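Quick notes on the structure that follows.
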Amino acid sequence: MSSPFLLCDPAIVGPAPDQRIQREVEFWTRLIEWADDKRVAFGPFGLDVAHKVIGERGWPDLDGSAYPPGFGRLVNAALSRLLQRVREDDFQVEDIPTFDPSYTGGVDAAVAIGWDAIGLHRRGLLGIATSSANWSREASSISFDPPPPQRVDLALEPKQTMPAEIDIAVTQYLRHRRLTIVGGIPSQHIINEICGRFGVSRSKIEWIGSEPGTRPNLAPLDGLQAKVDVVYLVTGHIGHDGSTKAKQCCRKRGMQIREIRHGNDLAADLCQRHGKC
């Protein structure tokens, strides 16, 4: 599997020629920050556009008295690092997708972003490293027409945690663990979400249902192992007696049961606890 990466918006490498010195310093400072985010890489089409931009405007000359001491050296080093990060792959693209919101950073860059995202979206694409100024309205993601991809997240700040990275972290946590849910009526929809989103095998999920007015069968809790089992208690859909016994079973095995109000809260709780990159 390809390592996760952020597709670099070609507009990152070239500010508008009429920008004031202070705005230009801000632009190149942000480029240094993007270069320090090692996830950021060009696709092959975006790299061509970036080289075209640099060819038209020239390599940045920022060593004059108007710039901070040593600023030009830092920018040149950052730009060189960034241009060396390329996700090459053998793919062909026929359609030129449109985005919603639309891209305002130039036609060539828009086409490059679309083609690179289409070709690389199954190769670890986390999102697009870009600026909110390059889109027609504020957004955290863009949709593609035609898909795929259906939607791609936008990284508007260097080292920003992306939604896909949260899911990857949860997937890693659950890779060698079993998941037991106690309480409520088992939901195939929730089980399918956990399996599909986090790569959990259906055989590693046990849902001990609790019908209203009945006692849940807690016998499966007898085989719990603290190192491999994760147990959730759906507090809004289980009686006091069943809840107490489930907690006691976990304590006997050196485990602390996790509590959620409803089954639909399960994925969000997993992300909150284990989605740290």
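The values are calculated or read from the model by the stated rules, or taken from the named source; none is laboratory data. As the structure is a computational prediction, the values presented were derived from the model and not from experiment. Glycine also receives a Cβ, built like all others from the backbone with ideal geometry; neighbour counts cover every protein chain displayed. Protein only, heavy atoms only, side chains kept; ligands, DNA and RNA dropped before computing areas. Shrake-Rupley method; radii C 1.70, N 1.55, O 1.52, S 1.80 Å.
What is region 1-82 by shape, rounded, prolate or oblate, if you read a ≥ b ≥ c off the alpha carbon gyration tensor as root eigenvalues and call it rounded for a/c under 1.5, prolate for a/b larger than b/c, and oblate otherwise? Prolate, since a/c reaches 1.5 and a/b exceeds b/c.
Region 182-252: D in µm²/s via Stokes-Einstein (Kirkwood Rh, Cα pairs, 20 °C, 1.002 mPa s)?
On the way: Rh = 12.9 Å.
Estimated diffusion coefficient is 166 µm²/s.
For residue 259, nonlocal amide neighbours, meaning residues 5 or more places apart or on other chains whose placed amide H falls under 5 Å from its own, are 233. Scanning residues 5 or more positions from residue 229 or on other chains, those with amide H under 5 Å from its amide H are 178, with H placed 1.01 Å from N in the peptide plane.
Find how much the distance from residue 77 to residue 122 grows on full extension, using 0.36 nm per residue of separation minus their present alpha carbon separation; answer in nm with one decimal.
13.2 nm
For the chain, with all protein chains in place and a probe radius of 1.4 Å, 49% of the accessible heavy-atom surface sits on carbon or sulfur.
Each peptide in 68-74, 26-32 was scored by the mean count of other Cβ atoms within 10 Å over its residues; highest first, the order is 26-32, 68-74.
Contour minus end-to-end for residue 88 and residue 192, with contour as 0.36 nm per residue of separation and end-to-end as the Cα-Cα distance? Walk me through the numbers before you get to the answer.
Values: separation 104, 0.36 × 104 = 37.44 nm, distance 3.38 nm.
That pair, residue 88 and residue 192, stretches by 34.1 nm at full extension.
Any idea of the accessible area per residue across the chain, 1.4 Å probe, to the nearest Å²? Write out the running numbers ahead of the final one.
Numbers: 14800 Å² over 277 residues.
On a per-residue basis, the chain sits at 53 Å².
Axis angle, to the nearest 10 degrees, between helix 107-120 and the longest C-alpha principal axis of the chain: 40 degrees. Could you please state, rounded to a whole Å, how far the C-alpha centre of region 249-276 is from the C-alpha centre of region 55-119? Centre-to-centre distance over Cα atoms comes out at 43 Å.
On full extension, the segment bounded by residue 215 and residue 171 gains 12.6 nm, given 0.36 nm per residue less the C-alpha separation. Helix 21-36 and the longest principal axis of the C-alpha atoms of the chain enclose an angle of approximately 50°. Relative to the longest principal axis of the Cα atoms of the chain, the long axis of helix 240-252 lies at roughly 70 degrees.
State the Kirkwood hydrodynamic radius of the chain in Å, one decimal place, computed from all pairs of distinct Cα atoms. Display every interim value, and only then the final one.
On the way: mean 1/r = 0.0460 Å⁻¹.
By the Kirkwood definition, the hydrodynamic radius is 21.8 Å.
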